[in-house]
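These notes are about the structure you will find just below.
What follows draws every value from the coordinates through simple rules; no lab data is involved. In this text the structure is predicted, and so the values were computed from the model without any measurement. Cβ placement follows ideal geometry from the backbone for every residue including glycine, while neighbour counts extend to all protein chains displayed.
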Amino acid sequence: MTPPPPLTSRNGLPASLVADGWAVVDATTLADLCGRQAPAPWAAWSPLWHDLPPDAHLRDGGRYRRRRHASFVVDGPGVAPVPHRAHWQPVEYNALHGGFERWFDPLPASLVADPAWTALLAGIGGVTSALRGQQPWYVEAHAFRIDTEGGIGRPTPEGAHRDGVDLVAVLLVDRHNVRGGETRVFDAAGPQGVRFTLAEPWSALLLDDARVIHETTPIQPVQAQQPAWRDTLVLTYRSGGFQDPAAAAAAPR
């Protein structure tokens, strides 16, 4: 396993995102960003990842991904869920799974109603506003489990990519009996890159999506024939509205 990532303090976070386009904060710093006492109550959410339905949209024929999805508008401390909607990306950002609507089961109502959930989304929204300016953020939340039932699991089957948003937050929820799952972040305009492995539960990788591309390498089980998985929560923050086919069709070319 590659080394753990260099960690950024709360005070150093704005400068790191501006200088490098990415930063990693540990669970304690993430809790501080969200106005919570460490340890934050997020660990109580972990069992929800055992109840993720299979992703029915994998175009590589795999059976290694389980997923739920929900959307929100974050405006300062306010977090408002929006009616359940499809996840959509243009092919320019996702050549494998872009260009069509993907419907996933929603996040559990108990999670969305948890005050700690509101604090998490609002706290990372504050980071995004510090980077781009205060405004409403259109947020998509993805709960992922990548497992190795087929022998190998691919966290990013589309390869190194951007998401077409302003900020991406990748929160590690759990790693169980896996090797691999190395995070790689590259400058979108040059060859510079870093590689590390997220291992601390509820640590978070924050990415300025306009500046960097990212990927995570496949996982395999450490102990063969035993269950193995990598669980994450991915939050994307976008200005102006959600990505959807109608908005893309109306955009000037």
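Give the peptides 8-19, 155-166 in descending order of average Cβ contacts within 10 Å, highest first. Mind showing how you got there, number by number?
Details: 8-19: 14.5, 155-166: 18.0.
Ranked by mean Cβ neighbours within 10 Å, highest first: 155-166, 8-19.
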Check your understanding: Any idea how far the Cα center of segment 219-238 sits from the one of segment 152-206, in Å?
Key -> 11
Exercise for review: Starting from the Cα-Cα distance between V194 and A80, subtract it from 0.36 nm times their residue separation and give me the gain in nm to one decimal.
Suggested key: 37.5 nm
**Study point:** Helical mean residue ellipticity (222 nm; -39500 (n - 2.57) per DSSP H run of 4+; nearest 500) of the chain
**Key:** -4500 deg cm²/dmol
Review point. Per residue, how much space in cubic angstrom lies within the convex hull of the C-alpha atoms of segment 138-220?
Key: 98
Exercise for review: Report the relative contact order of the chain, percent, no decimals, based on alpha-carbon pairs under 8 angstrom and at least 6 residues apart.
Suggested key: 26
Practice item. May I ask for log10 I(q)/I(0) of segment 1-143 at q = 0.12 Å⁻¹, from a Debye sum over the Cα atoms as equal point scatterers with solvent left out? Key: -0.62
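Given R₀ = 35 Å, FRET efficiency for A210-A116 by Cβ-Cβ distance, to 0.05?
0.75
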Review point. So if R0 is 35 Å, what FRET efficiency would I152 and E101 give, r being the distance between their Cβ atoms, rounded to the nearest 0.05?
Key: 0.80
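Loop by DSSP (not H, G, I, E, B), at most 14 other beta-carbon atoms within 10 Å: where is the longest site-free stretch of the chain for chymotrypsin sites (Phe, Trp or Tyr not before Pro)?
104-253
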Revision key, fill the gap. Spelling it out for D75: with amide H atoms placed in the peptide plane at 1.01 Å from N, the residues 5 or more places away or on another chain with amide H under 5 Å from its amide H are A80, W137
Exercise for review: May I ask you to list the residues of segment 193-218 whose amide nitrogen lies under 20 Å from a point 7 Å from Cα along the Cα→beta-carbon direction of A43?
Suggested key: 198-205
